[in-house]
Amino acid sequence: MPPRTKKEPSAPSTMKELKDTLWKAADRLRGSLSANQYKDVILGLVFLKYVSDAYDERRETIRAELTAENYDDEQIEDLIDDPEEYQGYGVFVVPPLAQWTHLAENAKGRPAEGNEPAKNIGQLIDEAMDLVMKANPTLQGTLPRLYNKDNIDQRRLGELIDLFNSARFSRQGEHRARDLMGEVYEYFLGNFARSEGKRGGEFFTPPSVVRVIVELLEPSHGRVYDPCCGSGGMFVQTEKFIYEHNGDPKDIAIYGQESLEETWRMAKMNLAIHGIDNKGLGARWGDTFARDQHADLQMNYVMANPPFNIKHWSRNTEDPRWKFGVPPATNANYAWIQHILYKLAPGGSAGVVMANGSMSSNSNGEGTIRAQIVEADLVSCMVALPTQLFRSTGIPVCVWFFAKDKRAGEYGGVDRSGQVLFIDARNLGYMVDRAERALSNEDIAKIADTFHAWRGTRSAAQKKLSYEDIPGFCKSVGIPDIKAADYALTPGRYVGAADVTDDGEPIDDKIERLTKNLLAAFDESARLASVVRDQLERLDA
């Protein structure tokens, strides 16, 4: 009998196993790190691992192509380091001392060599981040440099390098590698958002909510903008939508802004991993209200999940964006809405997540602002979402959809001028766990199909959809009726109650039957109570 050997752990065989394995590995490093620092440390490593794998794969491809063209080894070595051969293919240049193989070989630190002092793994990773940013100007100022700090356990950091080393994020074709790494990055973002609670809402919008916005707007060309872009989820889902519909991502240009430095870095890395040009996020972070970094541009599509009910924001009462009224100093909801409307190009459309209170608030002039927006015929659809979609807040939320042109034509085959579609989706969704709900693919399709049928879009024509009001779910309402309701935009006010299915039983017969059943239940309850009482009395005796 051969001697027993320690069983080697099997490699992850599914996407879920891979993500779970990497997350558990990363969790070992948590230790004394703050939530923010831990997130930066892990996401930076994931990013560095991906760009290194992608660089290695591209390098092998170049070598194979040149060999096939009968270049000799010396010629290949002269050509293989040309940065354009990488950056021109959406791959970042990774210098030798920044490559993952170098870090893995020195996971326990690098001993002193000649005039070079010994360095721990944290120092080597910080240097790798510097080298990657220097070699790729679009990443300048993006990658974290915090791996050599006192509160980071260098031994565990080295172990994490080893564990990550077993996962290969490339060798599967350019887009497959990006999809794989993108999924891992988004999985990590979601887990960080859950663990950070309310703080997580600053950088992460639940994917099913993002998909509702993207599926309704159907971005296909022009400029796509998010004024508070968080970690860039709206842009990533836009690219996925375009690929799924056989479009060309080069037909759109991404523009965004983010006020928090660490979140801005996350967005830059997230877009880079997905192969999306991130120059539109600007050279640095910044407050959209204090200084719009894209003030000279109008956008074809705007998608946003602004922070709800901000009480302190950079307010200028003379700002030209306040076309429909100056937003109150104590709440930025209508500042976000008006900024988005101000940015929309002719024919443009937008979707923005808001707290439910925005649909009916009349305090501090908000009702007047909302009334003017409705009368300007800019609201196309209001969607009330179910609770518990956001772990970061218990506030019920909705999505406002805007359109600069609701006439029949390029943007839809049905003239919806002077009308608003109300969709009450509060009963949709399923529980992921005890604390979080998500919308299923079928739920998202139901909402999107309803809107496209109402608007008469190409999607509706392809699917042969036709619109009709559904009690309890959707209703098309004219502006006069909205005015009569004091310009409240709460879907539940308009869609009414769902129809109750008629089972054909006459009402008098049904009442008589139910009454008999109820009285029989009362009698049985009394009998059982008597039996229990007798048993208790026997015990006392």
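Being surrounded by fewer than 17 Cβ atoms within 10 Å (Cβ to Cβ) and touching a residue at least 40 places away in the same chain (Cβ under 8 Å) is the filter here, so list the residues in the range 100-121 that pass it.
Answer for the range 100-121, where residues must be surrounded by fewer than 17 Cβ atoms within 10 Å (Cβ to Cβ) and touching a residue at least 40 places away in the same chain (Cβ under 8 Å): THR101, LYS108, GLY109.
State yes or no: is LEU124 more than 31 Å from the chain's Cα centre (by Cα), surrounded by 20 or more Cβ atoms within 10 Å (Cβ to Cβ) and among the aliphatic types (A, V, I, L, M)?
Considered against the rule, which asks whether it is more than 31 Å from the chain's Cα centre (by Cα), surrounded by 20 or more Cβ atoms within 10 Å (Cβ to Cβ) and among the aliphatic types (A, V, I, L, M), LEU124 comes out as yes.
Checking the structure you have, find out if any residue of the range 132-155 is at pLDDT 90 or above, surrounded by fewer than 19 Cβ atoms within 10 Å (Cβ to Cβ) and either under 11 Å from TYR55 (Cβ atoms) or of a type in the set (Val, Ile, Thr) (or both).
Yes; the residues of the range 132-155 include at least one that is at pLDDT 90 or above, surrounded by fewer than 19 Cβ atoms within 10 Å (Cβ to Cβ) and either under 11 Å from TYR55 (Cβ atoms) or of a type in the set (Val, Ile, Thr) (or both).
For GLY492, are the conditions met, namely being farther than 19 Å from GLU375 by Cα and surrounded by fewer than 16 Cβ atoms within 10 Å (Cβ to Cβ)?
Yes; evaluated as a whole, the condition is true for this residue.
Among the candidates THR67, THR21, which residue alone is modelled with pLDDT under 85 and either among the polar types (S, T, N, Q) or outside the structural domain of VAL93 (by TED's automatic domain parsing) (or both)?
Just one listed residue meets the conditions, THR21.
Yes/no per residue for (1) buried (at least 16 other Cβ atoms within 10 Å of the Cβ); (2) over 21 Å from the mean Cα position of the chain (by Cα); (3) in contact (Cβ under 8 Å) with a residue 12 or more places away in the chain:
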| site | (1), (2), (3) |
| --- | --- |
| TYR255 | yes, no, yes |
| GLU261 | no, no, yes |
| ASN270 | yes, no, yes |
| GLY275 | yes, no, yes |
| LEU297 | no, yes, yes |
| PHE308 | yes, no, yes |
| SER314 | no, yes, yes |
| GLU318 | no, yes, no |
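Report yes if TYR487 is modelled with pLDDT of 80 or more, among the aromatic types (Phe, Trp, Tyr), surrounded by 10 or more Cβ atoms within 10 Å (Cβ to Cβ) and in a loop (DSSP other than H, G, I, E, B), otherwise no.
Yes; evaluated as a whole, the condition is true for this residue.
Restricting attention to the range 28-61, and to residues there that are outside any helix (DSSP H, G or I) and basic (Lys, Arg), which single residue is farthest from the chain's Cα centre (by Cα)?
By that ranking, first place goes to ARG28.
Kindly indicate which of ARG416, ARG370, ARG407 is of a type in the set (D, E, K, R) and free of Cβ contacts under 8 Å to residues at least 40 places away in the same chain.
ARG407 is the lone residue from the list that is of a type in the set (D, E, K, R) and free of Cβ contacts under 8 Å to residues at least 40 places away in the same chain.
Being touching a residue at least 24 places away in the same chain (Cβ under 8 Å) and either touching a Lys or Arg at 6+ places or on another chain (Cβ under 8 Å) or farther than 30 Å from ALA25 by Cα (or both) is the filter here, so list the residues in the range 55-85 that pass it.
GLU57, PRO83, GLU85
Just for helices (runs of 4 or more DSSP H) wholly inside the range 195-286: which have at least 2 residues that are among the aromatic types (Phe, Trp, Tyr)?
Helices (runs of 4 or more DSSP H) meeting the threshold: 233-244.
Six or more apart or on different chains, Cβ atoms under 6 Å: show the pairs whose first residue is in the range 214-229 and within 14 Å of VAL352 (Cβ to Cβ) and whose second is of a type in the set (Ser, Thr, Tyr) and in a loop (DSSP other than H, G, I, E, B).
Cβ pairs passing all conditions: PRO227/THR288.
Please find, within the range 429-462, the residue that is surrounded by the fewest Cβ atoms within 10 Å (Cβ to Cβ) out of those that are part of a helix (DSSP H, G or I) and touching an Asp or Glu at 6+ places or on another chain (Cβ under 7 Å).
SER459
Of the conditions (1) closer than 29 Å to PHE390 by Cα; (2) loosely packed, with under 13 Cβ neighbours inside 10 Å; (3) not basic (Lys, Arg), ASP523 fails just one. Which one is it?
(1)
I'd like the full set of residues that are part of a strand (DSSP E or B) and either surrounded by fewer than 18 Cβ atoms within 10 Å (Cβ to Cβ) or of a type in the set (A, V, I, L, M, F, W, C) (or both), limited to the range 346-382.
The answer is PRO346, GLY347, ALA350, VAL352, VAL353, MET354, ALA355, VAL379, CYS381, MET382.
Only one of ARG416, ARG426, ARG407 is assigned by TED's automatic domain parsing to the domain that holds ALA371, part of a loop (DSSP other than H, G, I, E, B), closer than 21 Å to PRO306 by Cα and more than 18 Å from the chain's Cα centre (by Cα). Can you tell me which?
ARG426
Of all residues being in contact (Cβ under 8 Å) with a residue 60 or more places away in the chain and in contact with a Leu (Cβ under 8 Å, 6 or more places away or on another chain) in the range 373-382, which is farthest from ARG434 (Cα to Cα)? Just the residue, please.
VAL374
Taking ARG426, is it of a type in the set (D, E, K, R), under 20 Å from LEU389 (Cα atoms) and loosely packed, with under 15 Cβ neighbours inside 10 Å?
Answer is no for this residue.
The values are calculated or read from the model by the stated rules, or taken from the named source; none is laboratory data. The structure displayed is predicted, hence computed values, not measured ones. Every residue, glycine among them, receives a Cβ derived from its backbone with ideal geometry; neighbour counts consider all protein chains shown.
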